[in-house]
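**Student:** Dropping the structure in here first, questions after.
Derivation of every value follows stated rules applied to the coordinates shown; laboratory data play no part. Model, not experiment: these values are computed from the prediction. Virtual Cβ from ideal backbone geometry, glycine too; neighbours counted across all protein chains shown.
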Amino acid sequence: MNHELLKSIIYDQHEVIKDKVIVQREVKLDSAGNYIIVGMRRAGKSTLLYDRVKKLVSEGIDWNQIIYINFEDERLADFTADDFNDILVVQGEMSKDKGYYFFDEIQNIEGWEKFARRMADSDKQVYITGSNAKMLSRDMEKTLGGRYISKLLYPYNFREFLLAEDVSYDEKSMLTSNKLGMIQAGSREYLRHGGLPESLRYRDKREYISSVYNKILLGDIIVRNNIRNENVIKVLIKKIAETITDEISYSKLHGIMKAVGFSVSKDTIIDYIGYVKDSYLLFDTHNFYLRFADRESNPRYYFVDNGILSLFIRDRDSSLLENAIAGYLYNNYGDEVYYLKDTKRGIDVDFYVPDSDMLIQAAYEINEVDRKREVASLVKASKSIKNVKRYIIVTMEQEFSINEGNISIEVIPLYKFLIN
């Protein structure tokens, strides 16, 4: 690899980092660790590394010690695993002091994991980002041998969103009418457009979010997995978006696709959903009442970001509300988020979080009919799920309490739930 070209790429990246305005994220990086940071494209992984670079420079590290390479730079189109060693040589040419290495979207280079392991074995300080879940697979962890700390980064949570919008959300602010109004307006914006960091800069947020989705669809799903019929995966994602809030089996999706004219096998649907999940576009929850094998076959799918989901559904704020709650819970509890569904006992609860002993319903607005239905499910579920400490119904704006059947139910607005 041409060393002068590598240096030019590194120096250009330095200028990008210097000019970047950083919004602090709630993800913390230990200064002694090597990291692999993964997540959906445009979720802010690079900016997290920029923040780490700026902190190193503020602590006295010289810019020439910072080796930051974005492997999506078109000047690296011919880069292969054989060229990795040139990066180490270039670092030695740039500075006689210790180098700090930052590699963006390194999964674009086949064989990167062996280089990453060698770097860690040589006691180098390394930060890596990627946008594919296979970077956290068991095979990859085995190859890397526990030498890296894995971090999954999501788009802005609501607190980060408010911080980026310069809206304070402390207790005093929530008791001040004007500031509370700004927080509530922020929750409506967050509900419809999500938390992709760069989207906040755009007037036409939908256009920007659509461009991100198309990049994920084409680059991270279709091209990466050699999908020949693009229309199948496009329609499949759209149909999943339309089923938000409902459990849906592979067989049912197979039937839906067949009904709209796509003759595709159930195995292909399973593979395609795996690809979409690997790109961090989707995640799922499962019915806690079912045995493990049955849980896996009847998931409820949600989108990692509300802005992406809103591309597919309009005038369905109730679905966006549930998706926002699901994203918040998944961000905090990962796969330990379930739903409860038992038709015989009349139980249908949107979320159960065993780690926090919470049962949660999503209801955009509580009217008399909704109140009876949501409360009845929580009361019935309380008899089968023991040690529940909090029963919650999250609404868009309503707030009050309900005492029914020996349980106390908190009805709280979305903004309070997402902040607290």
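**Student:** To the nearest 0.05, what FRET efficiency results for K386 and S8 with a Förster distance of 51 Å applied to their C-beta separation? Provide the component values of the computation, followed by the final result.
**Tutor:** On the way: r = 63 Å, r/R0 = 1.23.
Result of the calculation: an efficiency of 0.20.
**Student:** Separate question: Tell me, what are the semi-axes, in whole angstrom and largest first, of the equivalent ellipsoid of the chain as set by the roots of 5 times the Cα gyration tensor eigenvalues? Before the final figure, lay out each step's value.
**Tutor:** Details: eigenvalues 328, 136, 78 Å².
The answer is 40, 26, 20 Å, longest axis first.
**Student:** A further question follows. Trypsin sites (Lys or Arg not before Pro), restricted to the range 1-74: which are DSSP loop and have at most 11 other Cβ atoms within 10 Å?
**Tutor:** On the way: sites: K7, K18, K20, R25, K28, R41, R42, K45, R52, K54, K55; in loops: K20, R25, K28, R41, R42.
Those that pass, being in a loop and sparsely packed, are K28.
**Student:** Now for a separate question. I'd like to know which of V89, S382, M140 lies farthest towards the positive end of the charge dipole of the chain, counting +1 on Cβ of Lys and Arg and -1 on Cβ of Asp and Glu.
**Tutor:** Most positive-ward Cα: S382.
**Student:** Still on this structure, please answer the following. Given the pairs K205/K416; K20/K45; K134/K215, which are separated by over 20 angstrom at their Cα positions?
**Tutor:** Details: K205/K416 24 Å; K20/K45 13 Å; K134/K215 18 Å.
Table pairs above 20 Å Cα-Cα are K205/K416.
**Student:** Sticking with this one: Placing +1 at every Lys and Arg Cβ and -1 at every Asp and Glu Cβ, with all other atoms neutral, what dipole size does the chain have around its Cα centre, in debye to the nearest 20? Intermediate results must be reported in sequence, preceding the final value.
**Tutor:** Working: 59 positive and 65 negative charges, 204 e Å.
Computed charge dipole of the chain: roughly 980 debye.
**Student:** Separate question: Relative to the longest principal Cα axis of the chain, at what angle does helix 317-333 sit, 0 to 90 degrees, rounded to 10?
**Tutor:** Helix 317-333 sits at roughly 60 degrees to that axis.
**Student:** Taking H placed 1.01 Å from N in the peptide plane, check which residues at least 5 places from Y202 or on another chain put their amide H under 5 Å from its amide H.
**Tutor:** none
**Student:** Could you give the nm distance between label points at K134 and K215, where each point is 7 Å from its Cα heading toward the beta carbon?
**Tutor:** Each label point lies 7 Å from its Cα, and together they span 2.1 nm.
**Student:** Taking amide hydrogens as modeled 1.01 Å from N in the peptide plane, which residues meet the under 5 Å criterion relative to F351, leaving out close sequence neighbours?
**Tutor:** Under 5 Å from the amide H of F351 lie the amide H atoms of L340, I360, each far enough along the sequence or on another chain.
**Student:** Cα centroids of the range 403-420 and the range 333-361: how far apart, whole angstrom?
**Tutor:** Comparing the Cα centres of the range 403-420 and the range 333-361, I get a distance of 15 Å.
**Student:** Now a separate question. So what is the relative contact order for the chain, in percent, with contacts set as C-alpha pairs under 8 Å and at least six apart?
**Tutor:** The normalised contact order for the chain reaches 13 percent.
**Student:** With n ≥ 4 as the cut-off for DSSP H runs, can you work out [θ] at 222 nm for the chain, using -39500 (n - 2.57) per run divided by the number of residues, rounded to the nearest 500?
**Tutor:** -13000 deg cm²/dmol
**Student:** For the range 1-52, state which GluC sites (Glu not before Pro) are in a DSSP loop and have at most 14 other beta carbons lying within 10 Å of their beta carbon.
**Tutor:** On the way: sites: E4, E15, E26; in loops: E26.
Answer in residue order: E26.
**Student:** To check you understand DSSP bridge types, tell me what percent of the beta bridges within the chain (both residues inside) are antiparallel, rounded to 5.
**Tutor:** Numbers: 17 of 46 bridges.
Bridges in the chain are about 35 percent antiparallel.
**Student:** Here is a follow-up. Just want the answer: with Cβ charges of +1 for Lys and Arg and -1 for Asp and Glu, which residue in I128, L175, F158 is farthest toward the dipole's positive end in the range 114-180?
**Tutor:** Going by the Cα projections, it comes out as I128.
**Student:** Using the Karplus curve 6.51 cos²θ - 1.76 cosθ + 1.60 with θ = phi - 60°, work out ³J(HN,Hα) for each residue of the range 42-47 in order, rounded to whole Hz, and write x for Gly and Pro.
**Tutor:** 6, 7, x, 5, 4, 4
**Student:** Can you work out the Karplus-derived ³J(HN,Hα) for every residue in the range 127-132? Use 6.51 cos²θ - 1.76 cosθ + 1.60 with θ = phi - 60°, whole Hz, and x for glycine or proline.
**Tutor:** Coupling constants for the range 127-132: 10, 10, 10, x, 10, 9 Hz.
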